[in-house]
Amino acid sequence: MKKQVSEKVREKDLLEIVDEVAKGRISRRQFLERGLAMGLSVSAVGTVLAACGKKVNKNTSETMPSMDQTKPKSINLWNWADYMDNATKKNFTAKYGIQVKESYFDDNEALRTKLMAGGGAGYDVMVPSDYMVHILIMSNLVEPLDIKGYNSSTPEGFIPNFEGVGPSFKNPVYDDPKEFGGFHHSVPYAWGTTGIGHRTDVLPAQITGWADLWNPAYSQKIDMLNDEREDLGAALKKNGHSLNTKVQSELDTAMHDLIKQKPYVRTYDSISPKSAMIKGMALTHCWTGDVVLALWSGAVTTKNLEFVLPIEGIPVFVDNLCIPPNPNSRYGAHLFINYLLDPAVQAPLQAWIGYFSPVPAAVPMVKKLDSNVYAFAPTEAQLALKTTEVYNDLGDFAQAYATAWVTVKGA
Amino acid sequence: MAGPVLVSPMAFWMVAFFLVPLLLIVLYSFGTQHTYQSTPSLGFKLDAYRRIFTESEYRHAFVLTAQMVVANTVGCLLIGFPLAYFISLKSGKRKTLFVLLVMMPFWTSFLIRTFAWKIILDDGGLLNNWLVDLHMRTRGNPIHLMYTNKAVYAGLIYDYLPFMVLPLFVSIEKIHRSLFEASKDLGAGKWTTFRRVTLPLSLPGIFAGSLLVAIPTTGEFVIPVILGGGKVVVWGWLIEEAFHAGHNWVLGAALSNVLLVFMVIVIALYARAMTSEEAYA
C-alpha cells in the first residue's frame, strides 16, 4: 500500500517536470534555464546571423508619434509563457472587437537580442522587466506611450487607467520621465519580490534575512537561484549595499561572500524552486511566484511554508507593458495596455498568474479571488523602506557583474 | 556544365549559413562591445583573448571541460562497445528491436530525459528507495548523488551513449562471421580473437563514435547545470553566458574560436593516429 503511494508520488513528480518543462509553467524570471526549458535556447551562430549590425544610440530628440485611431483587426502580444490567461484576451476581443495574438519570449536577453536584430517588427505590446526597460529605452527599441501628462498627443492621452497605478510604480527608476525628456515608455503589468522560501516544519528556526543563507549550521539546506543579478543582489543586500551598486569594492565583497557561501549551497537552480520547497528543502532562494505555485499545488500550506522578506532589503521586480518600434497598430496597443490596467481586468489576471498587481484598487479583488497570491506580500511600510529596491540597468558596469558571476561559479 | 549548376544551392548554403557566420564570429572576437548595441564594432583588439589566456577561471574551465570530454567518451565506449557487440550478435527482428531500443530515448526531449535523472538520483529518489528496499541503506541516510560529479557523468553517459552505440554497431556488424571462425580455427582464443580481429576491424566505428560523443560534449553545459547544481564552470557555459546574460559577444566569440581551433587540432591528430592504426590493422 505504502509502495503504491510512493509510486504515485513519483509519477506525479515526473508529470510535474514534464509539465514544467513543456508548458513552461515555471516561475518566469530565468536566464539560462528558461530558454532551455522552452526548447529555444540561443545558439550563438543563429543569434549572430540574426543580428545585422544596426547602430543604436539613445535618440535625444524623441517625439510622440501621432495616433491613427483606426481599430486594427488584431494586435500581437509578445509575452512570457503562461503570463496571461485566455479569459483576459477573450474579454478584450469581446469589448473592442480586436483579436489578441500571443507569442512568447524566453527571457529579457532574448527579447533584447531579437529587437536589436530588427525582429520586433509586427509586435504591438511586449512585456520586458524593469532593468530591461531602461536598456531598451537607451537602445531606442521602445516607443513612448501616449499618457496624459507625459507629452501626450491629446490632452487626455490614451491610457486613462494609468491614473489608477500605485504611486510607487508610476515613475520607476528604470523609466523615469525626468531622465527621458518627460516621456514615459512603460506601464507596470505585474510585480513581485525575491526572498527566502522557508519550510518551517523542516527547519524550525527563526529565519529573518539574507544573513541566514550564510549560516554554516544550514549547510546543504540552502538552494540558491541560478541568476547573476539575484545572487549578487542577495549578497549585496546582506552587506547593506544597493543591489544596483556600481562600486567595485562592494561588488567584490559580494562576490567573495558568494564564494564563501558555495559549500553551504546544495544547488543553484531557477527552474524548480517550487519542487525544492515541496520536497522539503529548508531554505530556498526564490521569487514570490514560486511560493504561490507551491501553495497552489496543495502539497504545502502557509502553515509549513513561509516566504521570508529579508530584513536587510527586499529586491523587487516589475514587468512592464511597452510598445516596440514600428508596431502594427499604436492605437490597438494603447487600447490593450489601458484595458490591462483596469482593476476589474487586473484582478482575475493576477489571481491566475500569481503575481502582485500594480493597481491598488485591484488588490482586494485579487485577495477575494485567491487567498494564496498575497499570502506573503510586502506591506506598504516594507515597500516604502529605502532598502527595498527595484533591479535597474547597470550600463557599462554590467560587465563587472558578469565577471563576478563567472568567478563565483568557477571558484 | 551541369555540375556547377547542381552544386550551387549547396555551395550557397555553405557560404551563407556556415562560412559567413564563422567569419562573423572571428571578426567579432577582435571587436569592441558596446552596452546598448548587440553586435560589436569591428577592430583589432586582443583583449578578449588576453583575458582567456591569463585569467585562472578560464584555465580551470578548460581543464574541467577536457576532463568531462575524455571521461564521457571513454565511459560511452566502455559501455557502448559490449552493447553494440551484443546487438550485432542478434539476428533479424531481434536486432532491429534492440537498435530501436537504443534510439528510442530520442523520442523524448533531451531536457526531460535529463530532468528524469533527478527522480532517480534524488535523496528520496528511485535509487535510494531501492537501496532501502534491499536493506542496503536505511531511510534517512541516503547516498547523496544529485548535484555531484557522479550525477553529471550519469547524465552525460546516458545522453550520449546512442551516439557511440550506433556507429559501433554498424562497424561491428560488418565484420564477417567467418573471420571469427577462421581465427578460432587458427588456434586463437576468445581474447586473442577480440584483440586481433574484432577490435581492429571496429576501429572506424570507435573513431566515428568517439568523435560523435566528444565534439558535442565540448559545448555541453546543460547537464552540468541541471544535474551538477550549476556549481562548476565548463566552456560551453562560458560561451552561453557571454552571448546571453553577459551581453559580451566579443568574449563569447573569442571563447568559441579558442575552442574551435583547439578542437580542429585535436581531431586532426586523432584522425592521423586512427588512420595509421587502421593501416597497421
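Among the residues making up the range B:123-142, a single one is modelled with pLDDT of 90 or more and not in a helix (DSSP H, G or I): B:LEU134. Residues in the range A:61-82 that are within 28 Å of the chain's Cα centre (by Cα) and at pLDDT 95 or above: A:SER74, A:ILE75, A:ASN76, A:LEU77, A:TRP78, A:ASN79.
Every residue in the range A:363-399 that is surrounded by fewer than 17 Cβ atoms within 10 Å (Cβ to Cβ) and within 14 Å of chain B (Cβ to nearest Cβ), please. Correct list: A:GLY395, A:ASP396, A:PHE397, A:GLN399.
Looking at A:LYS238, A:LYS221, which one is over 24 Å from A:PRO172 (Cα atoms) and basic (Lys, Arg)? I'd like the intermediate steps shown before the answer.
Details: A:LYS238 fails: over 24 Å from A:PRO172 (Cα atoms).
Answer to the check: A:LYS221.
Taking the residues in the range B:108-141 that are more than 7 Å from chain A (Cβ to nearest Cβ) and among the β-branched types (Val, Ile, Thr) as candidates, determine which candidate is surrounded by the fewest Cβ atoms within 10 Å (Cβ to Cβ). Looking at residues that are more than 7 Å from chain A (Cβ to nearest Cβ) and among the β-branched types (Val, Ile, Thr), I get B:THR138.
Where helices (runs of 4 or more DSSP H) fall wholly inside the range B:158-226, the ranges with 2 or more residues that are among the polar types (S, T, N, Q) and under 26 Å from the mean Cα position of the chain (by Cα) are B:203-218. Only one of A:VAL316, A:VAL345 is away from chain B (no Cβ under 14 Å) and part of a helix (DSSP H, G or I). Can you tell me which? Exactly one of A:VAL316, A:VAL345 is away from chain B (no Cβ under 14 Å) and part of a helix (DSSP H, G or I), namely A:VAL345.
Taking the conditions exactly as written (closer than 19 Å to A:LEU203 by Cα, within 14 Å of another protein chain (Cβ to nearest Cβ) and touching a residue at least 12 places away in the same chain (Cβ under 8 Å)), does A:SER275 satisfy them or not? For A:SER275, the condition - closer than 19 Å to A:LEU203 by Cα, within 14 Å of another protein chain (Cβ to nearest Cβ) and touching a residue at least 12 places away in the same chain (Cβ under 8 Å) - is met. In the range A:194-222, the qualifying residues are those that are closer than 15 Å to A:HIS285 by Cβ and β-branched (Val, Ile, Thr), and the one that is surrounded by the fewest Cβ atoms within 10 Å (Cβ to Cβ) is A:THR208.
For the range A:169-188, the set of residues classified as touching a residue at least 60 places away in the same chain (Cβ under 8 Å) and in a loop (DSSP other than H, G, I, E, B) consists of A:PRO172, A:PHE180, A:GLY181, A:PHE183, A:HIS185, A:SER186, listed by residue number. Exactly one residue out of B:VAL258, B:VAL213, B:VAL225, B:VAL232 is hydrophobic (A, V, I, L, M, F, W, C), over 26 Å from A:TYR131 (Cβ atoms) and within 12 Å of chain A (Cβ to nearest Cβ): that is B:VAL232. Select from the range A:71-124 the residues that are touching a Phe, Trp or Tyr at 6+ places or on another chain (Cβ under 7 Å) and hydroxyl-bearing (Ser, Thr, Tyr) and write down the one among them that is surrounded by the most Cβ atoms within 10 Å (Cβ to Cβ). Here the answer is A:TYR123. For the range B:10-30, the criterion of being closer than 18 Å to B:GLU241 by Cβ, at pLDDT 90 or above and not in a loop (DSSP other than H, G, I, E, B) is met by at least one residue.
Quickly run through the range B:51-96 and pick out the residues that are among the hydroxyl-bearing types (Ser, Thr, Tyr) and in contact (Cβ under 8 Å) with a residue 24 or more places away in the chain.
Pass one, the range B:51-96, residues among the hydroxyl-bearing types (Ser, Thr, Tyr): B:54, B:56, B:58, B:65, B:73, B:85, B:88, B:91, B:96.
Across the range B:51-96, the qualifying residues are B:TYR58, B:THR65, B:THR73, B:TYR85, B:SER88.
Taking the range A:361-392 as the range and being among the acidic types (Asp, Glu) and outside any loop (DSSP other than H, G, I, E, B) as the test, the residues that pass are A:GLU380, A:GLU389.
For the range A:130-156, which residues satisfy the criterion of being of a type outside the set (S, T, N, Q) and away from every other protein chain (no Cβ under 14 Å)? Can you show your working first?
Looking only at the range A:130-156, we keep the residues that are of a type outside the set (S, T, N, Q), and these are A:130-138, A:141-150, A:155-156.
Residues satisfying the conditions are A:ASP130, A:GLU143, A:PRO144, A:LEU145, A:ASP146, A:ILE147, A:LYS148, A:GLY149, A:TYR150, A:PRO155, A:GLU156.
Please specify each residue of the range A:188-221 satisfying the condition of being among the hydrophobic types (A, V, I, L, M, F, W, C) and over 26 Å from the mean Cα position of the chain (by Cα).
Taking the range A:188-221 and keeping what is among the hydrophobic types (A, V, I, L, M, F, W, C), we get A:190-191, A:196, A:202-203, A:205, A:207, A:210-211, A:213-214, A:217.
Selection gives A:VAL202, A:LEU203, A:ALA205, A:ALA217.
Please determine whether any residue of the range A:224-239 is within 24 Å of the chain's Cα centre (by Cα), modelled with pLDDT under 95 and in a loop (DSSP other than H, G, I, E, B). Yes, there is a match, as at least one residue in the range A:224-239 is within 24 Å of the chain's Cα centre (by Cα), modelled with pLDDT under 95 and in a loop (DSSP other than H, G, I, E, B).
Here's the yes/no breakdown for (1) farther than 30 Å from B:LYS190 by Cβ; (2) within 14 Å of chain A (Cβ to nearest Cβ); (3) of a type in the set (Ser, Thr, Tyr):
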residue	(1), (2), (3)
B:LEU19	yes, yes, no
B:THR39	yes, yes, yes
B:ARG51	yes, yes, no
B:VAL69	yes, no, no
B:LEU101	no, no, no
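With the structure loaded, tell me whether A:LYS262 is surrounded by fewer than 23 Cβ atoms within 10 Å (Cβ to Cβ) and within 12 Å of chain B (Cβ to nearest Cβ) or whether it fails that test.
Working: surrounded by fewer than 23 Cβ atoms within 10 Å (Cβ to Cβ): yes; within 12 Å of chain B (Cβ to nearest Cβ): yes.
Yes, satisfied.
Rundown of residues vs (1) outside the structural domain of A:VAL247 (by TED's automatic domain parsing); (2) farther than 20 Å from A:THR193 by Cβ; (3) over 20 Å from the mean Cα position of the chain (by Cα), yes/no style:
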{"site": "A:SER357", "(1), (2), (3)": "yes, no, no"}
{"site": "A:PRO360", "(1), (2), (3)": "yes, no, no"}
{"site": "A:PRO364", "(1), (2), (3)": "yes, no, yes"}
{"site": "A:THR379", "(1), (2), (3)": "yes, no, no"}
{"site": "A:LEU385", "(1), (2), (3)": "yes, no, yes"}
{"site": "A:PHE397", "(1), (2), (3)": "no, yes, yes"}
{"site": "A:ALA400", "(1), (2), (3)": "no, yes, yes"}
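When the range A:241-274 is filtered for residues that are touching a strand residue (DSSP E or B) at 6+ places or on another chain (Cβ under 6 Å) and outside any loop (DSSP other than H, G, I, E, B), the ones remaining, listed by number, are A:TYR264, A:VAL265, A:ARG266, A:THR267, A:TYR268, A:PRO273.
The values are calculated or read from the model by the stated rules, or taken from the named source; none is laboratory data. Source: prediction; values computed, not measured. Please note: Cβ atoms are built from the backbone with ideal geometry, for glycine as well, and neighbour counts cover all protein chains shown.
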